[in-house]
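J.: Quick one: the structure is below, and I'll ask about it shortly.
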Amino acid sequence: MTGAVAAAGASRLAAARRVVVKVGSALLVERSTGHVHRAWLESLAADVAELRARGQEVVLVSSGAIALGRRELGLAPGKLRLEESQAAAAVGQIRLAHAWKEVLGHHGGTVAQVLLTLGDTEERRRYLNARNTLTTLIRLGAVPVINENDTVATAEIRYGDNDRLAARVAQMVSADCLVLLSDVDGLYTADPTRSPDARFIPEVSRITPEIEAMAGGSASDVGSGGMATKVMAAKIAVSAGCSLCIAAGREQHPLRRIAEGARCTWFVAEATPVTTRKQWIAGMLKPAGELHVDQGAVHALREGRSLLPAGVLKVRGRFDRGDAVVVLAPGEVEVARGLSAYSSADATRICGRRSSELEALLGYRGRDEMIHRDDLVLV
Ligand code: GLU
């Protein structure tokens with residue numbers, strides 16, 4: 001890779017505010033013993049601590065539950081039946097979480113285990129719930145360690161591979177960088193284990209059918225995600241404004257190595273997570289309701305502030321928390337669009353009221369804002 005491309009990649013990781021790192025089973029679990037690859041994991045934990053010490057937020061997506069649990073249950077090598085993988089995950093997940101808690105604990109990190117299924121990222125209400133929990137954990141300084149909830153996820157509701165799960169998580173937490181640590185160092189024009197003249201691709205700025213074709217087929221044998229799933233993950237990440245890096249994780253200190261310019265493939269996002277989110281809000285075809293606001297609120301929005309319940313005069317339409325609504329100034333002029341933090345029923349209850357009154361009115365403590373400025377676009 002050329003020096004300039006490597007430097008650009010390294011600075012992309014250094015400049016990221018929120019980084020998701022996906023760790024594959026093949027790296028984390030020693031093939032010969034079926035145990036956690038301890039020294040390696042400790043080196044990665046030191047890298048994570050370095051990022052955090054620089055003020056970067058880190059979320060981990062870790063595979064390895066099945067690989068760790070199968071050995072302990074004495075399951076024979078080879079492909080497992082679904083219920084055997086689920087049983088193995090139930091045993092291995094405890095070991096996995098414990099290993100992370102120990103290695104990050106050495107650096108003073110608090111580890112939070114989060115197990116997700118497909119529905120948690122595809123169904124709107126559950127998505128919002130998971131998003132809130134994850135962002136709260138991050139705000140409180142914990143390091144979420146996420147895996148698929150393999151024990152309950154049956155075939156239809158599985159991701160099956162953590163590459164895609166990691167991309168969904170990156171999108172969910174508005175990460176600006178996702179690193180897939182794997183047993184390959186990036187994308188090649190063909191499978192390098194089969195074609196000796198396969199060329200390495202350091203940077204992808206657009207995922208064309210040609211790029212997808214290059215990824216077809218190659219698979220590592222311990223984890224389930226091959227290059228094709230990594231490119232699929234890149235599509236999700238990039239369209240959410242998150243750049244994705246496929247990097248070799250075998251050596252110790254894999255993140256430090258990327259920062260020092262090690263060879264890897266970057267899928268580059270043009271927009272940031274906030275602008276992508278805003279474009280999506282602006283382009284929503286069917287807002288579910290209307291919030292009529294006073295002149296003071298219009299003024300605040302134009303200054304880049306959030307919409308508070310106090311400035312809302314009237315609520316129209318039926319909508320749920322997280323639905324898109326139109327914001328109308330006096331005279332019914334559309335001034336903004338955004339995602340409401342409250343359902344229409346709750347919004348009606350609290351409109352015109354101060355943030356300090358909300359809890360008493362609603363019976364629970366919700367957000368101070370009706371629409372947070374990150375969820376709002378002026379028109
Ligand atoms: N969720 C699985 C596990 O923890 C791994 C899936 C994958 O390797 O992508 O064992």
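J.: Rolling a 1.4 angstrom probe over the protein chains, ignoring ligands and nucleic acids, what is the accessible area of residue 35 in square angstrom, nearest 10?
T.: 100
J.: Right, something else. Taking a 23 Å limit on the Cα-Cα distance, which of the listed pairs 79/230; 235/278; 230/286; 22/235 fall beyond it?
T.: Over 23 Å apart, Cα to Cα: 230/286.
J.: With unit charges on the beta carbon (Lys/Arg positive, Asp/Glu negative), name the residue among 216, 184, 100 whose Cα is farthest towards the positive pole of the charge dipole of the chain.
T.: The one lying farthest along the dipole's positive direction is 100.
J.: Taking all protein chains as present, what is the carbon and sulfur share of the accessible area of the chain, in % to the nearest whole number, probe 1.4 Å?
T.: With neighbouring chains kept in place, the figure for the chain is 51 percent.
J.: Another question, if that's okay. Could you work out the local net charge near residue 111, counting Lys and Arg as +1, Asp and Glu as -1, over the other residues with Cβ closer than 13 Å to its Cβ?
T.: +1
J.: Run the 1.4 Å probe and let me know the accessible area of residue 37, rounded to the nearest 10 Å².
T.: 60
J.: If you don't mind, another one. Which value, in Å², gives the accessible area per residue of the chain when a 1.4 Å probe is used on the protein heavy atoms?
T.: 47
J.: Could I ask something else about it? If one takes the longest principal axis of the Cα atoms in the chain, at what angle in degrees, from 0 to 90 and to the nearest 10, does the Cα axis of helix 3-15 lie?
T.: Approximately 50 degrees, to the nearest ten.
J.: To continue, here is another question. Going highest first, how would you order 325-331, 125-131 by mean Cβ packing within 10 Å?
T.: Packing proxy ranking, top to bottom: 325-331, 125-131.
J.: Ordering 280, 40 by accessible area with a probe of 1.4 Å, largest first, what comes out?
T.: Order by accessible area, largest first: 280, 40.
J.: Run the 1.4 Å probe and let me know the accessible area of residue 368, rounded to the nearest 10 Å².
T.: It works out to around 80 Å².
J.: Show 379, 48 ordered by accessible area, largest first, where the area counts protein heavy atoms only and the probe is 1.4 Å.
T.: From most exposed to least exposed: 379, 48.
J.: Something else about it: Using 7 Å Cα-to-Cβ label points, what is the residue 299/residue 263 separation (nm, one decimal)?
T.: Taking the simple label geometry, residue 299 and residue 263 are separated by 6.1 nm.
J.: Follow-up. Using θ = phi - 60° and the Karplus relation 6.51 cos²θ - 1.76 cosθ + 1.60, list the HN-Hα couplings for region 160-166 in order, rounded to whole Hz, with x at every Gly or Pro.
T.: Karplus-based 3J(HN,Hα) across region 160-166 equals x, 9, 7, 5, 5, 4, 4 Hz.
J.: Residues with amide H under 5 Å of residue 342's amide H, sequence separation 5 or more or different chain, H placed in the peptide plane at 1.01 Å from N; which?
T.: For residue 342, the qualifying residues are 322.
J.: Give me the percent relative contact order of the chain, please, defined on Cα pairs under 8 angstrom at least 6 residues apart.
T.: Normalised by residue count, the contact order of the chain is 15 percent.
J.: Quick one: length gained pulling residue 135 to residue 208 fully straight, 0.36 nm per residue minus the C-alpha distance?
T.: Answer, rounded to one decimal: 23.0 nm.
The values are calculated or read from the model by the stated rules, or taken from the named source; none is laboratory data. Just so we're clear, the structure is a prediction, and the values are computed from it rather than from any experiment. In this analysis, Cβ positions are derived from the backbone assuming ideal geometry, glycine residues included, and neighbour counts consider all displayed protein chains. Keep in mind that these areas ignore ligands, DNA and RNA; they rest on the heavy atoms of the full protein, side chains included. Shrake-Rupley method; radii C 1.70, N 1.55, O 1.52, S 1.80 Å.
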